[in-house]
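The structure appears right after this line, and notes come after that.
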Amino acid sequence: LAVGLGLSFVKANVPLASLVIGVTSTILALAGLLIGDRLSRVFGRRMEILGGVILNFIGIRILISHLTAV
């Protein structure tokens, strides 16, 4: 909602911007899936564990930043 409102304020071509955002998001998501699939074939279960550890650290960092915000 905020992005759409912001795009209308700057007089952007909203349909074109939406198309570019959608195509870019799709390409990056597919690239992530392909890279993840290839890495899981090479490294197996270790990549799943590493991904889980990284996600936990990101969550803890966000939690700490929110708890310490003034």
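The values are calculated or read from the model by the stated rules, or taken from the named source; none is laboratory data. These figures come from a predicted structure and were not determined experimentally. The area values use the complete protein model at the heavy-atom level, side chains included, leaving out ligands, DNA and RNA. Shrake-Rupley method; radii C 1.70, N 1.55, O 1.52, S 1.80 Å.
Calculated on the alpha-carbon coordinates, the convex hull of the chain measures out at 109 cubic angstrom per residue. Membrane-span-like helices in the chain, defined purely by DSSP H runs whose alpha carbon atoms cover 24 Å or more axially and whose average Kyte-Doolittle hydropathy reaches -1.0, are 14-43, 45-67. Remark: the chain carries 90 Å² of accessible area per residue (probe radius 1.4 Å; ligands, DNA and RNA excluded).
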